[in-house]
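The values are calculated or read from the model by the stated rules, or taken from the named source; none is laboratory data. Note that this is a predicted model, so its numbers are computed, not measured. Neighbour counts are summed over all protein chains in view; Cβ atoms, including those assigned to glycine, are modelled from backbone coordinates with ideal geometry. Just the protein is used for accessible areas: all its heavy atoms, side chains included, with ligands, DNA and RNA removed. Shrake-Rupley method; radii C 1.70, N 1.55, O 1.52, S 1.80 Å.
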Amino acid sequence: QLQASGGGLVQAGESLRLSCLVSGRMEDIRVMGWYRRPPGKHRDMVATIAFGDRTQYAASVKGRFTISRDNAKNTYYLQMNSLSPEDTAVYYCNAWDGTNHVWGQGTQVTVSS
């Protein structure tokens, strides 16, 4: 089970950090990720972190967003800097254990211009 938090309303240029609390063993997760669904659009990958801390980012967020994890806290994060209105979306955390995908409930991020 995943519980996402940290969303909110910010102005363009500001930062937010999203958190995803994992119920269970972090070591069992092969890939952790953040996805987002902008208003009226499909859900797309934002960032992933795999075993060995290999990361991948969508082109639109590369250099502004950073995905990380803290195994001791059973939590992974998405640090979002230099936010723009185009980043407005519902953000979802996702975990894949090699067999199943598990989704968090989503957290709203709204960036005003």
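Among residues other than Tyr92 with Cβ under 12 Å from its Cβ, the summed charge is +2 (Lys and Arg +1, Asp and Glu -1). Here the simple spin-label model places points 7 Å from the Cα toward Cβ, and for Gln11 and Met26 these points are separated by 3.5 nm. Calculated accessible area for the stretch 1-105 comes out at 56 Å² per residue, all protein chains present (probe 1.4 Å; ligands, DNA, RNA ignored). Each Cα pair under 8 Å and six or more residues apart adds its separation to the average, and for the stretch 1-111 the resulting relative contact order is 38 percent.
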